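Undergrad: Take a look at this one; I'll ask things after.
Please treat every number below as a calculation from the coordinates, not as lab data. What you see is a predicted model, and the numbers here were worked out from it, not measured in a lab. Neighbour counts run over all protein chains shown; Cβ positions are idealised from the backbone, glycine included.
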Amino acid sequence: MKLDSSVSAIVTGGASGLGEATVRALRAAGVKVAIFDMNDATGEKTAAATGSVFCKVNVTDEASVDAGFAKARAANGQERILVNCAGTGNAAKTASRAKDTGEIKHFPLNQFDLIIQINLVGTFRCIAKSAAGMLTLPPLPDGDRGAIVNTASVAAQDGQIGQAAYSASKGGVLGMTLPIARDLSGEAIRVNTIMPGIFDTPLLAGAPQNVRDALGASVPYPKRLGVPDEFASLAMEMIRNGYFNGECVRLDGAIRMAPR
């Protein structure tokens, strides 16, 4: 797909971290971008800095997502690109015993459902609605009608202790990539997924330096945290390369996560 000002994109979770880096890469290529994010202040700041449109969107809420697509399309036209970076995580053992009291408890089911709703259902909701919009467009001269990039995680394949909900949600994104690519193949819409390892995102920004150093040292090579621009680079290749379809690619410095 040739990227220029005739093409528009939507990036969910685009206000910071991996999403922000992708917004900046797309804008550098001339693409018109709308940012879907929950954070008003950060979203408006990133939009102003990149010349993008900010849409406050909660991907778990149907009406919020519909309103976001309407605002983005009114400003930039129907998107040909969707990059799903919106997501979050939590940590709790499936069942555990308190060390001090011996009290037994289990993973709060409402918290399990919340992660599934944000990371998995929210991703699918945006894919389905964006793809339906892409179907209204003619194919480009290179044959592409649209391109979708999702964000899973290495936890989809080697989740750690306490990551049952997170791993299930990201494993779902991995698992639905190929069937969605097949669903949309007849309409020339490509679908791929990135599985990042340990990246230097706002989630880790507040961690003590010794923790950050230890995480970086656990990566086989290079022995450091990934940087968001490296994620954006792969996302851009998935969008540009017309033969890239139905793939889930680890971007992790060859790490395989230990149990904890």
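Undergrad: What net charge is computed for the residues neighbouring THR201, neighbours being all others with C-beta under 13 Å from the C-beta of THR201, Lys and Arg scored +1, Asp and Glu -1?
TA: -3
Undergrad: Moving on to the next point. Could you check the simple spin-label distance between ASP4 and ALA95, using points 7 Å along Cα→Cβ, in nm with one decimal?
TA: Distance between label points: 6.2 nm.
Undergrad: Evaluate E = 1/(1 + (r/R0)^6) for THR88 and LEU140, where r is the Cβ-Cβ distance and R0 equals 35 Å; express this FRET efficiency to the nearest 0.05.
TA: 0.55
Undergrad: Once the Cβ-Cβ distance between SER185 and ASP113 is put in as r, and R0 is 35 Å, what FRET efficiency do you end up with, to the nearest 0.05?
TA: 0.65
Undergrad: Given LYS93/LYS129; LYS105/LYS129; LYS45/LYS71; LYS170/LYS223; LYS93/LYS170; LYS129/LYS170, which pairs have Cα atoms separated by over 29 Å?
TA: LYS93/LYS129; LYS105/LYS129
Undergrad: Please report the relative contact order for the stretch 8-251, taking Cα pairs under 8 Å with a sequence separation of at least 6, and give it as a percent rounded to a whole number.
TA: 20
Undergrad: Which of (1) 0.98; (2) 1.02; (3) 0.95 is the computed Rg/Rh (Cα atoms, Kirkwood Rh) for the structure on display?
TA: (1)
Undergrad: Which whole-angstrom value gives the distance between the alpha carbon centres of the stretch 5-20 and the stretch 178-218?
TA: 15
Undergrad: Work out the FRET efficiency for ALA214 and TYR243 from their Cβ-Cβ distance, taking R0 = 35 Å, and round it to the nearest 0.05.
TA: The calculated FRET efficiency here is 0.35.
Undergrad: Could you calculate the contour length gain from ASP229 to ALA258, that is, 0.36 nm times the residue separation minus the distance between their Cα atoms, to one decimal place in nm?
TA: 7.9 nm
Undergrad: What ³J(HN,Hα) values, in whole Hz, does the Karplus curve 6.51 cos²θ - 1.76 cosθ + 1.60 give for the stretch 58-72 when θ = phi - 60°, with x put for Gly and Pro?
TA: Once θ is set to phi - 60°, the couplings for the stretch 58-72 become 9, 5, 8, 10, 4, 5, 5, 5, 4, 5, x, 4, 4, 5, 4 Hz.
Undergrad: Using amide H atoms built 1.01 Å from N in the peptide plane, name the residues 5+ places from MET195, or on other chains, whose amide H lies under 5 Å from its own.
TA: ALA152, VAL249, ARG250, LEU251
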